[in-house]
Amino acid sequence: MEIVFILSGASRQENVGAAARALKTMGIFQLRLVNPLCDHLGERARATAHGSRDILETAEIFESLSEARKDLSLLIGSAAKKRNIREDAHPVEELPGILKAKGDTIHKVGIAFGGEESGLSNRELDLCHLLTTIPMYRKYPSLNLGQAVMVYAATLSRLTLDYARKTMIPPSRDELSIVREKARKVLADVELPEDHIIYRRIMERLMLLGRDDMHLFHSFCKFYLKKYHGRVK
């Protein structure tokens, strides 16, 4: 499982540099920037990323979060505020358990962060399959972008540092994407609109399935497709 951190609309070099340093120290080496509002290779960014400039130099640049997520099996958004669209914002400490339960059913996971002023936009949050948050004692003062990345990277190091000790066999297929496609087919058959809250909630909960439950869902879809579509795949 590869983990990719995505910063959308980052405006301060120091935060981008701090993010790069946090990632490398925790065994995460992929950074993507969406419409950065600062020079990620600038002097202040390089100084803050002490010992981690290679993360900055290999960072990929994208024009939109939609483009940056194309090769990801799962996109997880970070949100500091309660959003009406989604009822669940999972505490960051639950992430290792959620991802570990999926085993080899996913290839690449993205963790998305918004800019310093307002975080991810509602449109960007809609692109995320799950939302997470950092529980805090008080709403203000809040963590800045660099600090938030450090919290997520340190939490996910429970996976990256463990996986680094093992030889991993790449999965033969992206099962999570297949689950999404099969679910869309079933929901389309019952004419549930994609913008309906129930549709959104079902798709969100599917992203929490562990490997065993995912295989159970595949088995259900096998019977469903055979009965209603005359096929099993």
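The values are calculated or read from the model by the stated rules, or taken from the named source; none is laboratory data. Note that the coordinates shown come from a computational prediction; the quantities given were computed from them, not determined experimentally. Here the Cβ positions follow ideal geometry from the backbone for every residue, glycine too, while neighbour counts run over all protein chains shown.
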Out of (1) within 29 Å of Asn122 (Cβ to Cβ); (2) surrounded by 12 or more Cβ atoms within 10 Å (Cβ to Cβ); (3) more than 21 Å from the chain's Cα centre (by Cα); (4) aliphatic (A, V, I, L, M), what's the single condition that is false for Leu225?
(1)
Which of the numbered conditions does Glu94 fail, given that it passes all the others? Conditions: (1) surrounded by fewer than 22 Cβ atoms within 10 Å (Cβ to Cβ); (2) of a type outside the set (Gly, Ala, Ser); (3) more than 18 Å from the chain's Cα centre (by Cα).
(3)
Failed criterion for Arg32 (all others in (1) loosely packed, with under 15 Cβ neighbours inside 10 Å; (2) within 21 Å of Thr155 (Cα to Cα); (3) of a type in the set (D, E, K, R) hold):
(1)
When you scan region 193-200, do you find a residue that is surrounded by 15 or more Cβ atoms within 10 Å (Cβ to Cβ), touching a Lys or Arg at 6+ places or on another chain (Cβ under 8 Å) and closer than 25 Å to Thr132 by Cβ, even just one?
yes
Output the number of the condition that Ile169 fails; it satisfies all remaining conditions of (1) part of a loop (DSSP other than H, G, I, E, B); (2) modelled with pLDDT of 90 or more; (3) farther than 21 Å from Asn122 by Cβ.
(2)
(1) surrounded by 22 or more Cβ atoms within 10 Å (Cβ to Cβ); (2) at pLDDT 95 or above all hold for Ser78 apart from (2)
Would a scan of region 174-182 turn up a residue that is at pLDDT 85 or above and closer than 19 Å to Ala89 by Cβ?
no
Test set (1) buried (at least 21 other Cβ atoms within 10 Å of the Cβ); (2) free of Cβ contacts under 8 Å to residues at least 24 places away in the same chain; (3) aliphatic (A, V, I, L, M) - Leu41 fails condition number:
(1)
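Scan region 197-205 and tell me whether some residue there is outside the structural domain of Asp88 (by TED's automatic domain parsing), more than 26 Å from the chain's Cα centre (by Cα) and among the aliphatic types (A, V, I, L, M). Write out each step before concluding.
Within region 197-205, the subset outside the structural domain of Asp88 (by TED's automatic domain parsing) is 197-205.
From what is left, the residues that are more than 26 Å from the chain's Cα centre (by Cα) are none.
No, region 197-205 contains no residue that is outside the structural domain of Asp88 (by TED's automatic domain parsing), more than 26 Å from the chain's Cα centre (by Cα) and among the aliphatic types (A, V, I, L, M).
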Of everything in region 188-233, what is free of Cβ contacts under 8 Å to residues at least 60 places away in the same chain and either in a loop (DSSP other than H, G, I, E, B) or in contact with a strand residue (DSSP E or B) (Cβ under 6 Å, 6 or more places away or on another chain) (or both)? Give them in sequence order.
Val190, Glu191, Leu192, Pro193, Glu194, Asp195, His196, Gly230, Arg231, Val232, Lys233
Among (1) surrounded by fewer than 22 Cβ atoms within 10 Å (Cβ to Cβ); (2) closer than 17 Å to Leu159 by Cβ; (3) over 14 Å from the mean Cα position of the chain (by Cα), the one test that Arg12 misses:
(2)
Residue count, region 1-16, condition among the acidic types (Asp, Glu) and at pLDDT 95 or above, comes to 1
